[in-house]
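Here's the structure we're looking at; comments come further down.
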Ligand SMILES: [Zn+2]
């Protein structure tokens, strides 16, 4: 992947994970990943429209998935798509927890383990330091 394309994705995301909104500044050990929203193995192209910035935790849990089960309805739904979907349409903050507002939001939040205790602890620590835990 070209360096210019990676730079575009980072700049466009404002250096925040496009899935959990964690700031890159909170993860000083590893750089966030430029990931394929629709994985290459599903035919997803390497272009600006199909790339997103993701923290290592979100990218690890997302893997090549493009859909997940909505825990409320049991239906299979597409995952949140950072280029086509608005974050605030599908998710909302409950303190330092992320809640899904829609089937897409609930399915994505569960698949990406957004409220895993380690992630909530990171947000709480940032909050305690007076630093933003979300963009
Ligand atoms: Zn993330």
### Task
Considering only the stretch 47-58, state which residues are more than 15 Å from residue 82 (Cβ to Cβ) and touching a strand residue (DSSP E or B) at 6+ places or on another chain (Cβ under 7 Å).
56
### Task
Name the single residue, out of those in the stretch 17-38 being more than 19 Å from residue 49 (Cβ to Cβ) and in contact (Cβ under 8 Å) with a residue 60 or more places away in the chain, that is surrounded by the fewest Cβ atoms within 10 Å (Cβ to Cβ).
25
### Query
Within the stretch 96-114, restricting attention to residues that are in a loop (DSSP other than H, G, I, E, B) and within 12 Å of the ligand (Cβ to nearest atom), which residue is surrounded by the most Cβ atoms within 10 Å (Cβ to Cβ)?
112
#### Entry: Tally of residues being farther than 22 Å from residue 96 by Cα, touching a strand residue (DSSP E or B) at 6+ places or on another chain (Cβ under 8 Å) and part of a loop (DSSP other than H, G, I, E, B) across the stretch 1-44
3
### Task
Would you check if residue 80 is part of a helix (DSSP H, G or I), surrounded by 13 or more Cβ atoms within 10 Å (Cβ to Cβ), touching a residue at least 12 places away in the same chain (Cβ under 8 Å) and within 14 Å of the ligand (Cβ to nearest atom)?
no
### Query
Looking at 59, 125, which is the one that is closer than 20 Å to residue 8 by Cβ and either surrounded by 12 or more Cβ atoms within 10 Å (Cβ to Cβ) or within 16 Å of the ligand (Cβ to nearest atom) (or both)?
59
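Any read-out appearing in this document is the output of simple, stated calculations on the displayed coordinates, not a laboratory observation. Source: prediction; values computed, not measured. Positions of Cβ are backbone-derived with ideal geometry, glycine not excepted, and every protein chain shown enters the neighbour counts.
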